[in-house]
Amino acid sequence: MPDRDNECVIALDVGGTGMKGALLDCRLQPLLTQRRPTHRAAGPEAVVAHMAAALESLAKQASAMGLTALRAGVVVPGIVDEDSARAVYSGNIGWRDLPLGAILEQRTGIPVTLGHDVRAGAHAERVLGAARAARDVLFVPIGTGVSAAVISDGRPLRGGGFAGELGHIVVDANGAECVCGGRGCVETVATAAAIATAFTVRSGRPVEGADEVAALVAQRDPHALTVWNRAVDALVTAFTTAVTLLAPGLIVVGGGLAEAGDLLLDPIRTRLAERLTFQRRPRLVRAELGDQAGCLGAGLLAWEHMIEPTDDTGESAFPATRSRSWTARATRDEPRPSR
């Protein structure tokens, strides 16, 4: 690998409410980070415009720091076809069959590698985090939604962009209507918002988020326990289905709900063990990279695109990831001095 001390990539992780951007060096350390709103209420075209502005801003800051930004990795939610760099569908943002990679390249002049936010997060966890070197992984971020990324025999399972919709496994056919149009999906029970809403309805006590419900679970509040146990059961049902079909050796749980730690993971481990019979029994661990996984994954995609493709074993071919693990640093909006 050539000397890349004065080179970096731009990473941009686009969510329903906010975007996380960064400049990452060849060791995948953040040189600068940036957060800004997505502005999805203004419509999908406005979101694309803000994405382009974020990329241009990061490229200018790289130049001001004496760095050359070689490429941008951009990851977005919904259904994404990485091969054609198209954002196929996003209910949260509103685009359909959008050639997003080409549009961003045309508007910014920056080469773009487009990816899916959860698959990119899974890639980052496998290369740098809790799933290091694992061959068969189910990565499940649980927060405003429940999604998943599958790594099978070292390779991501994409299914044309449709793979990984764990949150829409039906756990109660007569349950509440889901945003997807179905009923009784995991997301109607086990997202942070669903847990908070269910507790408020059951107890008559409003709470702002699932973290408050988790605190009440720790205090053995009966309403909180009922709601929490229902969410755990929904997740265990979905995990059982995934384990039976895909046989992951490791399940990595991330997202905001994973901040509850063993309060969430221990009952899932126990009940999953009770449900499984002949199936491969996976380890279940908490994600290590937190809300930076998607952004790091975006940077990985950009570096890997330039250096060489993933090799035949499915391992990352990016040299910096083979010799060291990434260490998180608080760098929000704080540029590192120019070399």
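For this structure, a couple of remarks:
- A238 of a type in the set (G, A, S), over 30 Å from Q34 (Cβ atoms), under 22 Å from the mean Cα position of the chain (by Cα) and surrounded by 14 or more Cβ atoms within 10 Å (Cβ to Cβ): yes
- Residue in region 170-191 that is at pLDDT below 95, buried (at least 17 other Cβ atoms within 10 Å of the Cβ), within 20 Å of the chain's Cα centre (by Cα) and of a type in the set (A, V, I, L, M) present: no
- Any hit, region 216-233, residues being part of a loop (DSSP other than H, G, I, E, B), at pLDDT below 95 and open to solvent by 60 Å² or more (accessible area, probe 1.4 Å): no
- Only one entry of L32, L12, L58, L70 meets the criterion of being out of contact with any Phe, Trp or Tyr (no Cβ under 6 Å at 6 or more places or on another chain) and under 14 Å from I103 (Cβ atoms), and that entry is L12.
- Filtered residues of region 62-84 (kept if free of Cβ contacts under 8 Å to residues at least 12 places away in the same chain and polar (S, T, N, Q)): S63
- The set of residues from region 11-40 being open to solvent by less than 10 Å² (accessible area, probe 1.4 Å), assigned to a strand (DSSP E or B), in contact with a Gly (Cβ under 7 Å, 6 or more places away or on another chain) and of a type outside the set (G, A, S) comprises L12, L24.
- Selected residue (only one of V140, V127, V118 is modelled with pLDDT of 90 or more, assigned to a strand (DSSP E or B) and open to solvent by less than 50 Å² (accessible area, probe 1.4 Å)): V140
- The numbered conditions (1) under 28 Å from D13 (Cα atoms); (2) at pLDDT 95 or above are all true for E259 except (2).
- Strands (runs of 3 or more DSSP E) fully within region 73-112 counting 3 or more residues that are more than 19 Å from the chain's Cα centre (by Cα): 96-98
The values are calculated or read from the model by the stated rules, or taken from the named source; none is laboratory data. Please read these numbers as outputs of a predicted model, since none were measured by experiment. Positions of Cβ are generated from backbone atoms using ideal geometry, with glycine treated the same way; all protein chains shown enter the neighbour counts. SASA here: full protein model, heavy atoms, side chains in, ligands and nucleic acids out. Shrake-Rupley method; radii C 1.70, N 1.55, O 1.52, S 1.80 Å.
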